[in-house]
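Okay, so here's the structure we're looking at.
The values are calculated or read from the model by the stated rules, or taken from the named source; none is laboratory data. This structure is a prediction, so every number in the text was calculated from the model and none was measured. Positions of Cβ are backbone-derived with ideal geometry, glycine not excepted, and every protein chain shown enters the neighbour counts.
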Amino acid sequence: MMKKLLLSTMMGMMATPAFAQNTTVSDEHKPNEQTLACLEAPTRDCAFTAALQTVIAEELGVERAKVLVGVATSMIETGQKEQAVQTLMLALDEARTVKITFVTQEKIKEIAPLLARAGDVSGALALVGEIQNEGIKDMVLAEVADEAIEGGALADARVALGEMQNRTRAFWRELSLLARASDAALATVNLDELEADIRALDRTDQRYRGLVQLAVIADRKGDAAARDAYIAEADELFSGVVGIAIRADVTAQRARAMHDAGLDEAMVRASYDLAVLHGDRLRDGALLPDFARKLGPVEAALGNLDTALARMEYFRDVDAKAAYLSSLRVEGNYDRVASRMREVLSEIDTLEGAYERDIVRLKLLDGALVNENISLAGNIVRAMEDDDNQALALARMAPLLN
């Protein structure tokens, strides 16, 4: 009831003139009493309430929008999809009060995929139509397609991909999406048509990558014979993949694709071993971070956490370390990842600017939330320096609370 009342109050505020806008983090924006009180004994209700009270007290439209997006994200996760759509549209209205096209389009990048996650794919696509930069528009359309497929809407995902200007990227994105589609959606997928497109590719490494994706899709469709045939053909083709860097890349992609699609662990492990064999030959330090990003989550899931954590040495910037750690999912004992996260949390203090420090903390928070570590998430939220960022983080933590 309190959330509905506060949301109604926010909607009423939209009829009032906007305050002057300032996109910088102010020194005066210290954590407020509402969020601090909730953090003493956090509950889901007080997390939502404190976040919305922060929005009401905030003078800057862009900051209101930021917190509202966080509230809406957690509303979706807690099953309040209709209310989430209303909150997202309110966030968009707040972003528009800034009257700066760049600011509005940055918020659209966040809001459109969330609308799709809430089930409003048509609304998401309409919003994407406002994005002016074609490259950014393609990126957001791909994210909308991701959310649609997670919701079981293959047709909607294909509509989103169909609007992408870069058809090559759309093609590869569709292959990766099909590996995660529902069983019912996959029943309509014609492997022969996909195979014809893959065989028409010019480069050997692309055909190899395509055959691996076909194998994954065939496995998801329950066609073990087709899966094994595609893998065998890919293995034969691999000798024609030239270059240490390309071999490391395609084998890492293979392991990650099988892992993400939930294939049998033995198959994932065999592909992982192949990736490690070729990845260990990399000597170009610039290539190692990308290899780690692809393979680290697979290693962690297979129980090779020591190796996954050792790849931290490839990352120099604290934000890159935070993003990598947040990508690791560990069943059961998460303590060692949490320990490394706390180290990075301390390292964040060396960065200049409260806003920059909070952005990295939010990346760490993503990992704590996905791994459902309430203690670590709470520590990260308490470390936030800006009141709006702390309200946003607290709202994102709400689904873990009772």
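Odds and ends about this structure:
- Search result, residues across the stretch 308-320 that are part of a helix (DSSP H, G or I) and surrounded by fewer than 23 Cβ atoms within 10 Å (Cβ to Cβ): Leu309, Ala310, Arg311, Met312, Glu313, Tyr314, Val318, Asp319, Ala320
- When Arg203, Arg169 are checked against the criterion of being modelled with pLDDT of 95 or more, farther than 24 Å from Gly123 by Cβ and surrounded by fewer than 19 Cβ atoms within 10 Å (Cβ to Cβ), Arg203 stands alone in meeting it.
- Given (1) of a type in the set (D, E, K, R); (2) touching a residue at least 24 places away in the same chain (Cβ under 8 Å); (3) more than 19 Å from Ala215 (Cα to Cα), number of the condition Asp197 does not satisfy: (3)
- Close pairs from the stretch 256-268: first within 10 Å of Val216 (Cβ to Cβ), partner of a type in the set (Gly, Ala, Ser) and assigned to a loop (DSSP other than H, G, I, E, B), Cβ under 8 Å, at least 6 apart: Ala257/Ala179; Asp260/Ala179; Ala261/Ala179
- Restricting attention to the stretch 323-369 and to residues that are more than 19 Å from Pro297 (Cβ to Cβ) and among the small types (Gly, Ala, Ser), the residue that is surrounded by the most Cβ atoms within 10 Å (Cβ to Cβ) turns out to be Ala354.
- Cβ-Cβ distances below 7 Å connect the following pairs, each with a first residue in the stretch 69-83 that is closer than 11 Å to Pro399 by Cβ, a second residue that is polar (S, T, N, Q) and surrounded by fewer than 22 Cβ atoms within 10 Å (Cβ to Cβ), and a separation of six or more residues or different chains: Met75/Gln83.
- Positions within the stretch 172-213 being assigned to a loop (DSSP other than H, G, I, E, B), over 16 Å from Ala234 (Cα atoms) and not polar (S, T, N, Q), in sequence order: Ala179, Arg180, Ala181, Ala187, Val189
- Residue, nearest to the chain's Cα centre (by Cα), within the stretch 321-336, restricted to residues that are part of a loop (DSSP other than H, G, I, E, B) and of a type outside the set (A, V, I, L, M, F, W, C): Ser327
- Listed by position, the helices (runs of 4 or more DSSP H) contained in the stretch 1-65 that have at least 3 residues being at pLDDT below 55 are 2-13.
- Filtered residue count, the stretch 349-373, keeping only those that are part of a helix (DSSP H, G or I), more than 18 Å from the chain's Cα centre (by Cα) and modelled with pLDDT under 95: 5
- Pairs where the first residue, in the stretch 286-301, is β-branched (Val, Ile, Thr) and the second is modelled with pLDDT of 95 or more, C-beta under 6 Å, 6+ apart: Val298/Ala255; Val298/Arg256; Val298/His259; Val298/Tyr272
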